[in-house]
């Protein structure tokens with residue numbers, strides 16, 4: 001059973017949810033001087049939108065339920081990890097501290113636009129949930145089972161990478177060192193790799209829909225953001241500042257994104 005809303009109504013309400021949440025988080029940021037809450041909100045809103053579209057729109061009942069459940073689990077796990085890793089520790093994340101220094105007196109205007117932009121990104125990415133939910137193929141096809149398999153690999157991989165990095169950072173002897181443990185031996189950013197892989201889940205769920213090709217935009221956009229904008233570039237710039245030559249050697253010997261065997265450091 002669904003709310004039976006039209007697609008346009010569901011999308012408009014989805015946008016309203018995003019704007020209200022991001023406005024609220026911007027106000028929290030003003031009070032706490034910690035912009036890290038935007039990362040938590042960005043992750044959590046994706047799960048909220050997936051559940052909303054599954055509840056509001058018609059479609060195959062098994063597929064709607066599975067998509068909403070998988071998207072919510074991925075989303076809320078990531079949001080909780082970001083809350084524990086970036087918001088709860090003392091001090092604002094280094095990225096946002098640098099932005100505060102650069103924008104100074106105009107910082108609240110910048111953050112207002114930035115928070116709303118993150119919400120807009122959520123709203124756009126959530127279109128892949130909507131398209132997959134509206135897939136008219138009855139029941140669960142082979143592509144749906146493949147989607148579940150990809151989701152499982154992606155979520156387990158991202159969770160393991162996050163836990164390995166957290167464990168490494170909590171050991172006092174590792175302060176200032178480069179994490180090369182577990183998945184981090186084969187990729188400098190295994191968490192980003194599995195986050196990107198996760199978006200292929202909904203491409204597979206959409207197989208059979210007239211608009212399935214649109215869902216390819218999600219993994220393409222995420223790959224661009226990871227490689228060129230908010231992912232690897234600022235993360236590695238801070239890593240070089242804090243770890244210097246040790247991180248430069250890590251760059252020379254270890255794949256940036258796709259896990260692969262490390263190169264010989266002596267070359």
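Assess whether residue 116 counts as being farther than 20 Å from residue 237 by Cα, within 16 Å of the chain's Cα centre (by Cα) and assigned to a helix (DSSP H, G or I). No; evaluated as a whole, the condition is false for this residue.
Residues checked against (1) more than 16 Å from residue 54 (Cβ to Cβ); (2) in the same structural domain as residue 63 (by TED's automatic domain parsing); (3) touching a helix residue (DSSP H, G or I) at 6+ places or on another chain (Cβ under 9 Å); (4) at pLDDT below 95:
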{"residue": "121", "(1), (2), (3), (4)": "yes, yes, yes, no"}
{"residue": "127", "(1), (2), (3), (4)": "no, yes, yes, no"}
{"residue": "162", "(1), (2), (3), (4)": "yes, no, yes, no"}
{"residue": "166", "(1), (2), (3), (4)": "yes, no, yes, yes"}
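For the stretch 131-147, name all the residues that are surrounded by 15 or more Cβ atoms within 10 Å (Cβ to Cβ) and assigned to a helix (DSSP H, G or I). Those that are surrounded by 15 or more Cβ atoms within 10 Å (Cβ to Cβ) and assigned to a helix (DSSP H, G or I): 131, 132, 133, 143, 144, 146, 147.
Please verify whether residue 73 is under 29 Å from residue 260 (Cα atoms), assigned by TED's automatic domain parsing to the domain that holds residue 8, at pLDDT 95 or above and exposed (fewer than 15 other Cβ atoms within 10 Å of the Cβ), treating the condition exactly as stated. Yes, satisfied.
The number of residues in the stretch 180-192 being on the phi < 0 side of the Ramachandran plot and either surrounded by fewer than 20 Cβ atoms within 10 Å (Cβ to Cβ) or outside any loop (DSSP other than H, G, I, E, B) (or both) comes to 9.
When we screen 203, 207 for residues that are farther than 21 Å from residue 161 by Cβ and not in a helix (DSSP H, G or I), the only hit is 207. For the stretch 163-170, the criterion of being under 29 Å from residue 135 (Cβ atoms) and not in a loop (DSSP other than H, G, I, E, B) is met by none of the residues. Looking only at the stretch 77-113, residues that are crowded, with 16+ Cβ neighbours inside 10 Å and within 20 Å of the chain's Cα centre (by Cα) come to 14 in all.
The numbered conditions (1) touching a residue at least 60 places away in the same chain (Cβ under 8 Å); (2) at negative phi are all true for residue 59 except (2). The number of residues in the stretch 233-251 that are over 25 Å from the mean Cα position of the chain (by Cα) and either under 19 Å from residue 93 (Cα atoms) or outside any helix (DSSP H, G or I) (or both) comes to 2.
The values are calculated or read from the model by the stated rules, or taken from the named source; none is laboratory data. Keep in mind that this is a model prediction, so the values were computed, not measured. A quick note on method: Cβ atoms are made from the backbone with ideal geometry, for glycine too, and the neighbour counts reach across all protein chains shown.
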